[in-house]
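Notes for the one structure printed next.
The values are calculated or read from the model by the stated rules, or taken from the named source; none is laboratory data. Everything numeric here is computed off the predicted structure, so don't read it as measured data. Note that we place each Cβ from the backbone using ideal geometry, even for glycine, and neighbour counts take in every protein chain shown. Protein only, heavy atoms only, side chains kept; ligands, DNA and RNA dropped before computing areas. Shrake-Rupley method; radii C 1.70, N 1.55, O 1.52, S 1.80 Å.
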Amino acid sequence: TETRLIRGNDPTAKPIIVQSRQKNISYTIEHSQGFLYKMTDEDNSPDFKVLRAEFKGNDNLEWTEFVPEEKGARIESYDFFEEYVVVQKRKLCIPLIQVINISNKESHFI
């Protein structure tokens with residue numbers, strides 16, 4: 001997987017590579033309120049985790065953990081809303097929906 005971003009204010013500029021391809025690493029990228037979010041299995045996280053980095057318009061990204069991997073509860077997808085991120089997980093074949101407040105990271109399951 002390799003994701004490239006194009007600046008909306010300069011669409012002819014060279015695309016920014018979020019992360020170069022790495023063997024056996026999968027990731028997806030989302031953008032919300034000035035941050036990039038990366039769902040990934042890197043660092044031996046087969047059930048996936050979500051990392052976050054402030055996006056400053058360049059490829060200098062400092063990723064921090066936003067949703068840690070939970071062994072046995074695979075993250076399948078995530079969607080952003082104005083104040084919340086909704087994370088869909090599957091644990092023991094049971095679907096779970098976790099709602100996380102973006103600003104304070106408080107969460108609950110529905």
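Structure summary
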quantity	calculated
Count - residues of region 55-64 that are within 12 Å of the chain's Cα centre (by Cα) and either surrounded by 12 or more Cβ atoms within 10 Å (Cβ to Cβ) or farther than 11 Å from K38 by Cβ (or both)	1
Among residues of region 6-18, those that are touching a residue at least 40 places away in the same chain (Cβ under 8 Å) and either assigned to a loop (DSSP other than H, G, I, E, B) or within 24 Å of E82 (Cα to Cα) (or both), counted	2
Test: V86 is without any contact (Cβ under 8 Å) to a residue 40 or more places away in the chain, among the hydrophobic types (A, V, I, L, M, F, W, C) and open to solvent by less than 60 Å² (accessible area, probe 1.4 Å)	yes
Residues of region 89-110 classified as exposed (fewer than 10 other Cβ atoms within 10 Å of the Cβ) and either in contact (Cβ under 8 Å) with a residue 24 or more places away in the chain or under 16 Å from the mean Cα position of the chain (by Cα) (or both), total	1
In region 6-34, residue farthest from K56 (Cα to Cα) [restricted to those that are surrounded by 13 or more Cβ atoms within 10 Å (Cβ to Cβ) and at pLDDT 90 or above]	I25
Hey, E65 in contact with a strand residue (DSSP E or B) (Cβ under 8 Å, 6 or more places away or on another chain) and part of a loop (DSSP other than H, G, I, E, B) or not	no
Region 68-83, subset touching a Pro at 6+ places or on another chain (Cβ under 9 Å) and in a strand (DSSP E or B), residue surrounded by the most Cβ atoms within 10 Å (Cβ to Cβ)	R74
